[in-house]
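**Q** Here's a structure for you.
The values are calculated or read from the model by the stated rules, or taken from the named source; none is laboratory data. Since we're looking at a predicted model, the values are computed, not measured. Note: ideal-geometry Cβ built from the backbone for every residue, glycine included; neighbour counts use all protein chains shown. These accessible areas exclude ligands, DNA and RNA; they are computed on the full protein's heavy atoms, side chains included. Shrake-Rupley method; radii C 1.70, N 1.55, O 1.52, S 1.80 Å.
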Amino acid sequence: MKNLIYSILISSTAIINLSAHDIWLEFDDKKDEVKLYFGEFEDKHLESGEKFSKIKEGILYPSELLKEVKRNDNNITYSLTKKDDVVVIRTAEPRKARDLEIIENKISYLKTGRVNTQSFVDFDIVPLNKDSNSFKILFKNEPIKKSRITVISPTGWEKTFMSSDKGEFTIHTPWIGKYLLKAEIHDDTKGEIDGKVYDRTVHSIVYTIEEKQGLPWEIKR
């Protein structure tokens, strides 16, 4: 763990309507499906057509849950054998880091579901109990202490939380709807993929949870 430098995707503690693009997962309310979206989560704007066509499917875990993958105009649909916590891992070719003279290997983890308390991918956020608002952030099953996790609410409200020495943190979900939990770590271990050497790996997670009880809200346009 000595080579890890912990950081956050967004450093602000409370920002409204940033209009930043994210990629995230959502369960279908009626079917055993999970959908991957790309757009502005806080503004409920989804990209489609040519812009969405550049988004890769990734690989879904646990793999035994996957029945079929289908690309649509504004989402990628993963049909499942049953609804359960899932993660889609997306990778990209190593490339030069922004504002740094190093080559980065990037791995993104898109997660949804709040049932399983055990991690099944390298970089993960798991609930301490089913449907709990208390979580643990892990890298290769080791807790990450003093890590910052950004939470975006259904209203666009945003706040940063800090994990404890045990890697645990508790968030607030006052509104009904879906929330994004976002975090990132840098592993400074050098490596090589398909002949391309890189200086570090950036692991990022975007974790979708849903709160079904709380304050109602609506977006005013």
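**Q** Pick out, from the stretch 134-221, the strands (runs of 3 or more DSSP E) lying fully within it that include 1 or more residues that are touching a Lys or Arg at 6+ places or on another chain (Cβ under 8 Å) and open to solvent by 50 Å² or more (accessible area, probe 1.4 Å).
**A** Values: elements: 134-139, 148-152, 158-162, 168-170, 177-187, 191-193, 196-198, 200-211.
Those strands (runs of 3 or more DSSP E) span 134-139, 158-162, 168-170, 196-198, 200-211.
**Q** Okay, moving on. Given the residues Glu101, Glu40, Glu64, Glu93, which is the only one that is at pLDDT 95 or above, charged (D, E, K, R) and either under 29 Å from Asp199 (Cβ atoms) or open to solvent by 30 Å² or more (accessible area, probe 1.4 Å) (or both)?
**A** Values: Glu101 fails: at pLDDT 95 or above; Glu40 fails: at pLDDT 95 or above; Glu93 fails: at pLDDT 95 or above.
Residue meeting the stated conditions: Glu64.
**Q** Does Lys111 meet the test of being basic (Lys, Arg), within 23 Å of Phe161 (Cα to Cα), in a strand (DSSP E or B) and within 14 Å of the chain's Cα centre (by Cα)?
**A** Values: basic (Lys, Arg): yes; within 23 Å of Phe161 (Cα to Cα): yes; in a strand (DSSP E or B): yes; within 14 Å of the chain's Cα centre (by Cα): yes.
So Lys111 fits the description; yes.
**Q** Taking Ile59, is it open to solvent by 80 Å² or more (accessible area, probe 1.4 Å), of a type in the set (A, V, I, L, M, F, W, C) and in contact (Cβ under 8 Å) with a residue 24 or more places away in the chain?
**A** yes
**Q** So which strands (runs of 3 or more DSSP E) are wholly in the stretch 26-71 and hold at least 3 residues that are under 18 Å from the mean Cα position of the chain (by Cα)? Spell out the reasoning first.
**A** Working: elements: 33-40, 59-61, 66-71.
Per the criteria, 33-40, 59-61.
**Q** If I filter the stretch 76-119 down to residues being of a type outside the set (S, T, N, Q) and touching a helix residue (DSSP H, G or I) at 6+ places or on another chain (Cβ under 8 Å), which single residue comes out as farthest from Lys31 (Cα to Cα)? Spell out the reasoning first.
**A** Pass one, the stretch 76-119, residues of a type outside the set (S, T, N, Q): 76, 78, 80, 82-90, 92-104, 106-107, 109-111, 113-115.
Pick out the ones that are also touching a helix residue (DSSP H, G or I) at 6+ places or on another chain (Cβ under 8 Å) and you get 80, 82, 84, 86.
Numbers: Leu80: 9, Lys82: 9, Asp84: 12, Val86: 15 Å.
So the residue we want is Val86.
**Q** On the basis of being under 12 Å from Phe27 (Cβ atoms), open to solvent by 30 Å² or more (accessible area, probe 1.4 Å) and of a type in the set (Asp, Glu), does Asp73 make the cut?
**A** On the way: under 12 Å from Phe27 (Cβ atoms): no; open to solvent by 30 Å² or more (accessible area, probe 1.4 Å): yes; of a type in the set (Asp, Glu): yes.
Spelling it out, it is not the case that Asp73 is under 12 Å from Phe27 (Cβ atoms), open to solvent by 30 Å² or more (accessible area, probe 1.4 Å) and of a type in the set (Asp, Glu).
**Q** For the condition among the aromatic types (Phe, Trp, Tyr), under 21 Å from Phe41 (Cα atoms) and modelled with pLDDT of 95 or more, what is the one hit in Phe161, Phe135, Phe139, Phe169? Can you show your working first?
**A** Working: Phe135 fails: under 21 Å from Phe41 (Cα atoms); Phe139 fails: under 21 Å from Phe41 (Cα atoms); Phe169 fails: under 21 Å from Phe41 (Cα atoms).
Exactly one of Phe161, Phe135, Phe139, Phe169 is among the aromatic types (Phe, Trp, Tyr), under 21 Å from Phe41 (Cα atoms) and modelled with pLDDT of 95 or more, namely Phe161.
**Q** So, one more: Scan (1) part of a loop (DSSP other than H, G, I, E, B); (2) at pLDDT below 95 for the single condition Asn74 breaks and write down its number.
**A** (2)
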